Structures are given as structure tokens and as C-alpha cells.
DNA sequence: CTTGTACCCTGACCGC
DNA sequence: TGCGGTCAGGGTACAA
């Protein structure tokens, strides 16, 4: 579930937990970096998104930080709902509970007593993300443009799906060295990033069915952006812009989808 | 600094 | 049915 639009949607759905007190916590997976006794009795002050991280500020001493990685989910639900692969439960005084569910166990939960500090790049939904900022990053990069979009130390929040989608909208081949993009291409990419992320957030993100994600018994509504995908997972289908067959290529060990004809 | 690779996990799916 | 290979929205450690 986890790229910027999905995490943003999730954080919004968790807001009813703000102001509630955790009266008990269950940590079902020992590898998680938190102990139940360090959470019990704390009140949730704020829940915010930082890039793809979910930061739950607790009263007094610290931030509980969740990263969903590939298969993690969080949901706010009535306290008796158990699900398979539940790794942590925060029971709230409202009668709800926050469930952290993660089949693959790649997700992380850590308590940062002094607050969450991590060097992250520019969040593309903030005012600091400008055409000029993108141009500067591209000019300084020696990577293919797709790698730059995925580098969380430079631009924080974009993942594999939205990198592929924004490059398609901008008509840019993901393998192009970032520093070779023209001013017009930078402008097109900047525009595409803003438009695609905004649309995805509006549609509550992308919900990929099938596979590991399919057990979902969530109180949270599924996103619908999967219906708007133009290249991601569309191998062999006709490009919506020019009709050529969408290709799947491997970049840095991960799948990228692009149109061989109109992405140059 | 950069890039590539392995690895962390589990489950679904495809071809034989 | 079973088996093996491949794939999956992410990030990190390490080597080159």
C-alpha cells in the first residue's frame, strides 16, 4: 500500500485517534522496535506523514514511527477485530484500536524518544518542491531520472508506481540520465508529479488487488487510482497516448514500465 | 559521492 | 497436486 498518496490517505483516516489515550498495547512481532509498556498510558498528540513514514506523536517523550514498506497496513477499527498477520495493536480509550498488519514483516515500527529525525529529501507536495528545485537535483545527478525520483534523500515520497506514471505523463524515458533533461522536460515532469500525486490522493491512492494484499478486511475505503494507471503493470497493453505496446524493463533490479514510442 | 547486489519476509501465480 | 522459479507498492548494508 505504501507510496505518498497511500500514506497520506492513511494518515487522514487515522485522525480520529488524535487526542485518544493508548490504554494497552500489544506487540506481536518481537522484531518491532517498541515495547508495549512504553506505549501504555500515552496520549496521541498528532499523526502526520513524513515522506512515506507515519509519525504518531505521543505526549511527553517521543514519536512512534511506522513505515509500511511493501505489505504493511495500519487501520483504525473497533477493538475486537482481529486479522491475520496482525503485528501490533494499540487499544485506545475510544473503544477503537490501531492495527498494524503486515504479512511480509518488512514494515517497521520504532519509538523515537527524542523525536523522529531523518534526512529526507523534498516532499513533492510541499511548496519547497519547485521546478527550479527539480532542475537543480537533476543537474547534480548522475543517475537515470527514474532513480532520482526514487531516491528518498533527494525527493521523498515517490515510489515505483508513481515514478513510472509521472515519467509516462511527461513523455520521458525512465532510463534517461537525469542531467540530460531539457528545461521543457523538467517543467513537464514537475507538472506531471504534481498532477499525478494530487489525482492519486484525491482517489485515495492505488489499491492493488490479488497477492498478499488481498486479505483486506479494512474499515478504510480502498483507493481507485489503479484504474487510472497508464503504464504501471500494463505490459503488453496499448499506450493510451500513442497505441504502442507498453514495455516492462528492469532498472536497478526493479520493474519499470514505459512506452517505447512516446517516452523519449 | 555513485552504482549494483544481496537481503529482509511471505504468499500468489505460472509453467511443467 | 506438487515443485520450482519469479514476482511484489521499500529500504538498507555492503562492496566496487
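The values are calculated or read from the model by the stated rules, or taken from the named source; none is laboratory data. This structure is a prediction, so every number in the text was calculated from the model and none was measured. All Cβ positions, glycine included, derive from the backbone under ideal geometry; neighbour counts span all protein chains shown.
Name the one entry in A:119, A:124 that is outside the structural domain of residue A:196 (by TED's automatic domain parsing) and in contact with a helix residue (DSSP H, G or I) (Cβ under 8 Å, 6 or more places away or on another chain).
Details: A:119 fails: in contact with a helix residue (DSSP H, G or I) (Cβ under 8 Å, 6 or more places away or on another chain).
Sole residue among the options that is outside the structural domain of residue A:196 (by TED's automatic domain parsing) and in contact with a helix residue (DSSP H, G or I) (Cβ under 8 Å, 6 or more places away or on another chain): A:124.
Just to be sure I understand, how many residues within region A:61-101 are within 15 Å of DNA strand B (Cβ to nearest atom), over 15 Å from the mean Cα position of the chain (by Cα) and buried (at least 20 other Cβ atoms within 10 Å of the Cβ)?
3
Of everything in region A:76-121, what is in a strand (DSSP E or B) and within 14 Å of DNA strand C (Cβ to nearest atom)? Give them in sequence order.
Keep residues of region A:76-121 that are in a strand (DSSP E or B), which gives A:76-78, A:86-92, A:96-101, A:108-112.
Once the filter is applied, which keeps residues that are in a strand (DSSP E or B) and within 14 Å of DNA strand C (Cβ to nearest atom), region A:76-121 yields A:101, A:108, A:109, A:110, A:112.
Does any residue of region A:182-190 turn out to be outside any helix (DSSP H, G or I), within 13 Å of DNA strand C (Cβ to nearest atom) and at pLDDT 95 or above?
Keep residues of region A:182-190 that are outside any helix (DSSP H, G or I), which gives A:182.
Keeping just the survivors that are within 13 Å of DNA strand C (Cβ to nearest atom) gives none.
No, region A:182-190 contains no residue that is outside any helix (DSSP H, G or I), within 13 Å of DNA strand C (Cβ to nearest atom) and at pLDDT 95 or above.
From the list A:39, A:32, A:58, A:14, exactly one residue is out of contact with any helix residue (DSSP H, G or I) (no Cβ under 8 Å at 6 or more places or on another chain), within 16 Å of DNA strand B (Cβ to nearest atom) and over 17 Å from residue A:158 (Cβ atoms). Which is it?
A:32
For region A:3-13, check the following and say yes or no: at least one residue is part of a loop (DSSP other than H, G, I, E, B), touching a strand residue (DSSP E or B) at 6+ places or on another chain (Cβ under 8 Å) and either surrounded by 19 or more Cβ atoms within 10 Å (Cβ to Cβ) or touching a residue at least 60 places away in the same chain (Cβ under 8 Å) (or both).
No: region A:3-13 contains no residue that is part of a loop (DSSP other than H, G, I, E, B), touching a strand residue (DSSP E or B) at 6+ places or on another chain (Cβ under 8 Å) and either surrounded by 19 or more Cβ atoms within 10 Å (Cβ to Cβ) or touching a residue at least 60 places away in the same chain (Cβ under 8 Å) (or both).
Does residue A:244 qualify as being more than 16 Å from DNA strand C (Cβ to nearest atom), more than 17 Å from residue A:130 (Cα to Cα) and without any contact (Cβ under 8 Å) to a residue 12 or more places away in the chain?
Details: more than 16 Å from DNA strand C (Cβ to nearest atom): yes; more than 17 Å from residue A:130 (Cα to Cα): yes; without any contact (Cβ under 8 Å) to a residue 12 or more places away in the chain: no.
Here the answer is no, as residue A:244 does not meet what is asked.
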